[in-house]
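J.: Following this message is one structure expressed as structure tokens.
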Amino acid sequence: MKVMHDGRSITVEVTSDGAGLVSHAGTALVAEVAEMVGLTAALSRGLAGLKQRRRGHDPGRVIRDLAVMLVDGGECVSDLGAVREQDALFGAVASDSTAFRMIDRIASEPGLLDALRDAHARARERFWELHGAPERLTLDVDATLITAHSEKEKAAGNYKGGYGFHPLQVYLDETREALGGLLRPGNAGSNTAEDHVAVLDFALAGIPARYVEALEILVRADTAGATHGLVDYCREARMRFSVGYELTEKVRAAILTIPQDAWIGALDQDGSARKNGEVCEITGMVDLSTWPEGSRLIVRRERPHPGAQLSFTDHDGYRFQAILTDQADPDIAVLECRHRQHAHVEDRIRDDKDTGLSKFPFKTFALNEVWLEIVMLAHDLIVWTQALALDGKLAKAEPKRLRYRLLHVAGRLAFSGRRAKLHLQDTWPWAADLLAAFQKLKTLAAATR
């Protein structure tokens, strides 16, 4: 192999006789966070009944290692080998067959999937104690399509002509955490109220009860959430709702009668005036008597970006959108801006597709349900690691960038007596960030003892 060094081309000889080298050293940071928030311990308690032999692998550690593997970029159980071969960093890791049997047992025995969810919730409570709880709870509900490339149980054709699954998930906007997920066949309806209610039940169960009782909760969804079943559920649970609303002929007719001076400027996410966009409330212009008392209809108009294709609902060069909400805030620009932040859920889903969600590896539907829960564990391990140990851009970086800069960093592990030291390459641009992250966790652990 030839490389350039000091302006000269030199030949590099490749050998496999190195000693003390470890790869994916930064991923050990994620495993440390799992320990700190009590995730491994909670999983071990919840799945204790699965351990068959005294010296066998701890079930909680197996699930933890699978989640860490997904954070590291793995896509299936066999990718666990990349973690297994780093025993100096991660300890004894189960074989692929053991990990598969663990997933199979969780899928087949009643109550174990709920035990996994409960362990996730307990770890979240500990994370909030360490980092601070949010001041309000905004639950974003959205679905995505996942392609299945082979025959799998309940995989089906979807409305876009593809084939696979249509999972529905809930994320907490304030912290970016994954609160709940519901695996569904590919032909599951986008606006099925029963599914929205079920996944929100999972989400609420994943939040410590005292916060559910004390904090204001807002449920956001796109037009698929504009169903009486969902908004009635929100009202009964004392949660606010903000959902997209279909531009029916009656809504469009009301919009076209709005006086020009009734429109007010929309807001950007930082609270400044939005250059392109105006909002108006038309609650009194449309019959909302079938919706819960206090429901409001707010519309926005904006000029489409150059090259965008207009639709039949556009008028005079404007594109319209509507939201239905029961929030009492008098500033409709704030309410409309708050609803637009529902778009953050697309970033969360994209991150998950880069962390195990892009494929469901098993033929059996129940096993894939367990896989979805492990994906959400991996999602939160990334969020918790960033919040507790990282700063600046790395604290918000997407999984791919985080792996390239921190998680996949190699190092040299040196042992001296009963102590070991991991040496990072000092010229690596993010070595100082990784070192600071490990030290920050160490300081936090000492302060919480």
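The values are calculated or read from the model by the stated rules, or taken from the named source; none is laboratory data. Everything quoted here is computed from the prediction, not taken from an experiment. All Cβ positions, glycine included, derive from the backbone under ideal geometry; neighbour counts span all protein chains shown. Quick note on the areas: whole protein, heavy atoms, side chains included, nothing else; ligands and nucleic acids left out. Shrake-Rupley method; radii C 1.70, N 1.55, O 1.52, S 1.80 Å.
J.: Would you check which residues across segment 100-120 are open to solvent by 50 Å² or more (accessible area, probe 1.4 Å), within 12 Å of residue 366 (Cα to Cα) and not basic (Lys, Arg) and list them?
T.: Within segment 100-120, 104, 108, 109, 110 meet the criteria.
J.: Looking at segment 400-409, is at least one residue hydrophobic (A, V, I, L, M, F, W, C), out of contact with any Gly (no Cβ under 6 Å at 6 or more places or on another chain), at pLDDT 95 or above and surrounded by 13 or more Cβ atoms within 10 Å (Cβ to Cβ)?
T.: Yes, because at least one residue in segment 400-409 is hydrophobic (A, V, I, L, M, F, W, C), out of contact with any Gly (no Cβ under 6 Å at 6 or more places or on another chain), at pLDDT 95 or above and surrounded by 13 or more Cβ atoms within 10 Å (Cβ to Cβ).
J.: For segment 121-139, how many residues meet the condition of being of a type outside the set (S, T, N, Q) and open to solvent by less than 10 Å² (accessible area, probe 1.4 Å)?
T.: Here the count works out to 6.
J.: Would you call residue 349 under 13 Å from residue 71 (Cβ atoms), open to solvent by less than 30 Å² (accessible area, probe 1.4 Å) and part of a helix (DSSP H, G or I)? Quick ask: steps written out before the conclusion?
T.: Details: under 13 Å from residue 71 (Cβ atoms): no; open to solvent by less than 30 Å² (accessible area, probe 1.4 Å): yes; part of a helix (DSSP H, G or I): yes.
No.
J.: Can you go through 423, 408 and tell me which one is in contact with a Lys or Arg (Cβ under 6 Å, 6 or more places away or on another chain) and not hydrophobic (A, V, I, L, M, F, W, C)?
T.: Selected residue: 423, the only one of 423, 408 that is in contact with a Lys or Arg (Cβ under 6 Å, 6 or more places away or on another chain) and not hydrophobic (A, V, I, L, M, F, W, C).
J.: Find the helices (runs of 4 or more DSSP H) located wholly in segment 189-292 whose residues include 1 or more that are over 25 Å from residue 137 (Cα atoms), and list them.
T.: Of the helices (runs of 4 or more DSSP H) lying wholly inside segment 189-292, those with at least 1 residues that are over 25 Å from residue 137 (Cα atoms) span 249-256.
J.: What's the total number of residues in segment 284-294 that are within 13 Å of residue 324 (Cα to Cα) and surrounded by 15 or more Cβ atoms within 10 Å (Cβ to Cβ)?
T.: Adding up the residues that qualify gives 4.
J.: Okay, moving on. So the check is Cβ under 6 Å with 6+ separation or different chains; which pairs have a first residue in segment 236-255 that's charged (D, E, K, R) and a second one that's open to solvent by 40 Å² or more (accessible area, probe 1.4 Å)?
T.: Going by the 6 Å Cβ cut-off, the qualifying pairs are 246/223.
J.: Name the residues in segment 108-161 that are closer than 28 Å to residue 49 by Cα and of a type in the set (S, T, N, Q), would you?
T.: 108 - this is the single residue of segment 108-161 that is closer than 28 Å to residue 49 by Cα and of a type in the set (S, T, N, Q).
J.: Considering only segment 321-340, state which residues are under 24 Å from residue 232 (Cβ atoms), of a type outside the set (D, E, K, R) and outside any loop (DSSP other than H, G, I, E, B).
T.: Of everything in segment 321-340, those that are under 24 Å from residue 232 (Cβ atoms), of a type outside the set (D, E, K, R) and outside any loop (DSSP other than H, G, I, E, B) turn out to be 321, 322, 323, 324, 325, 332, 335, 339.
So that you can scan it fast, the table gives a plain yes or no per residue for (1) over 24 Å from residue 39 (Cα atoms); (2) free of Cβ contacts under 8 Å to residues at least 12 places away in the same chain; (3) open to solvent by 30 Å² or more (accessible area, probe 1.4 Å); (4) in contact with a helix residue (DSSP H, G or I) (Cβ under 7 Å, 6 or more places away or on another chain):
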{"position": "164", "(1), (2), (3), (4)": "yes, no, no, no"}
{"position": "171", "(1), (2), (3), (4)": "no, no, no, yes"}
{"position": "191", "(1), (2), (3), (4)": "yes, no, yes, yes"}
{"position": "201", "(1), (2), (3), (4)": "no, no, yes, no"}
{"position": "206", "(1), (2), (3), (4)": "no, no, no, yes"}
{"position": "210", "(1), (2), (3), (4)": "no, yes, yes, no"}
{"position": "214", "(1), (2), (3), (4)": "yes, yes, yes, no"}
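One line per residue, one yes/no per condition, for (1) of a type outside the set (A, V, I, L, M, F, W, C); (2) within 23 Å of residue 384 (Cα to Cα); (3) free of Cβ contacts under 8 Å to residues at least 60 places away in the same chain; (4) not in a helix (DSSP H, G or I):
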{"site": "104", "(1), (2), (3), (4)": "yes, no, no, no"}
{"site": "117", "(1), (2), (3), (4)": "yes, yes, no, no"}
{"site": "122", "(1), (2), (3), (4)": "yes, yes, no, no"}
{"site": "126", "(1), (2), (3), (4)": "yes, yes, no, no"}
{"site": "134", "(1), (2), (3), (4)": "yes, yes, no, yes"}
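J.: Can you confirm whether residue 92 is out of contact with any Lys or Arg (no Cβ under 6 Å at 6 or more places or on another chain), of a type in the set (A, V, I, L, M, F, W, C), open to solvent by 50 Å² or more (accessible area, probe 1.4 Å) and not in a loop (DSSP other than H, G, I, E, B)? Reasoning before the result, please.
T.: On the way: out of contact with any Lys or Arg (no Cβ under 6 Å at 6 or more places or on another chain): yes; of a type in the set (A, V, I, L, M, F, W, C): yes; open to solvent by 50 Å² or more (accessible area, probe 1.4 Å): yes; not in a loop (DSSP other than H, G, I, E, B): no.
In short, no.
J.: Another one. Among the residues of segment 356-410 satisfying the criterion of being part of a helix (DSSP H, G or I) and among the small types (Gly, Ala, Ser), which is farthest from residue 119 (Cα to Cα)?
T.: Just the residues of segment 356-410 that are part of a helix (DSSP H, G or I), to begin with: 356-357, 365-389, 392-395, 399-407.
Next, only the ones that are among the small types (Gly, Ala, Ser) stay: 356, 366, 378, 387, 389, 392, 395.
Numbers: 356: 20, 366: 19, 378: 13, 387: 20, 389: 22, 392: 30, 395: 24 Å.
Ranking the candidates gives 392 first.
J.: Would you point out the residue of segment 422-449, among those that are in a helix (DSSP H, G or I) and free of Cβ contacts under 8 Å to residues at least 12 places away in the same chain, that is most open to solvent (accessible area, probe 1.4 Å)? Even if it seems obvious, please write down each step before you answer.
T.: Taking segment 422-449 and keeping what is in a helix (DSSP H, G or I), we get 431-447.
Now restrict to residues that are free of Cβ contacts under 8 Å to residues at least 12 places away in the same chain: 432, 435, 439, 442-443, 446-447.
Working: 432: 71, 435: 91, 439: 102, 442: 155, 443: 94, 446: 57, 447: 81 Å².
That would be 442.
J.: Only one of 389, 366 is touching a residue at least 24 places away in the same chain (Cβ under 8 Å), among the small types (Gly, Ala, Ser), buried (at least 20 other Cβ atoms within 10 Å of the Cβ) and in contact with a helix residue (DSSP H, G or I) (Cβ under 8 Å, 6 or more places away or on another chain); which?
T.: Matching residue, one of 389, 366: 389.
J.: Residues to consider are 417, 356; find the one that is modelled with pLDDT of 95 or more and at positive phi.
T.: So the residue among 417, 356 that is modelled with pLDDT of 95 or more and at positive phi is 356.
J.: Looking only at segment 376-410, count how many residues are more than 17 Å from the chain's Cα centre (by Cα) and under 20 Å from residue 83 (Cα atoms).
T.: Residues meeting the conditions: 7.
J.: So in segment 140-162, with the set limited to residues that are touching a helix residue (DSSP H, G or I) at 6+ places or on another chain (Cβ under 6 Å) and not in a strand (DSSP E or B), which one is least open to solvent (accessible area, probe 1.4 Å)?
T.: 144
J.: Report, by residue number, each residue of segment 25-73 that is outside any helix (DSSP H, G or I) and either polar (S, T, N, Q) or open to solvent by less than 10 Å² (accessible area, probe 1.4 Å) (or both).
T.: Answer for segment 25-73, where residues must be outside any helix (DSSP H, G or I) and either polar (S, T, N, Q) or open to solvent by less than 10 Å² (accessible area, probe 1.4 Å) (or both): 25, 26, 37, 47, 52.
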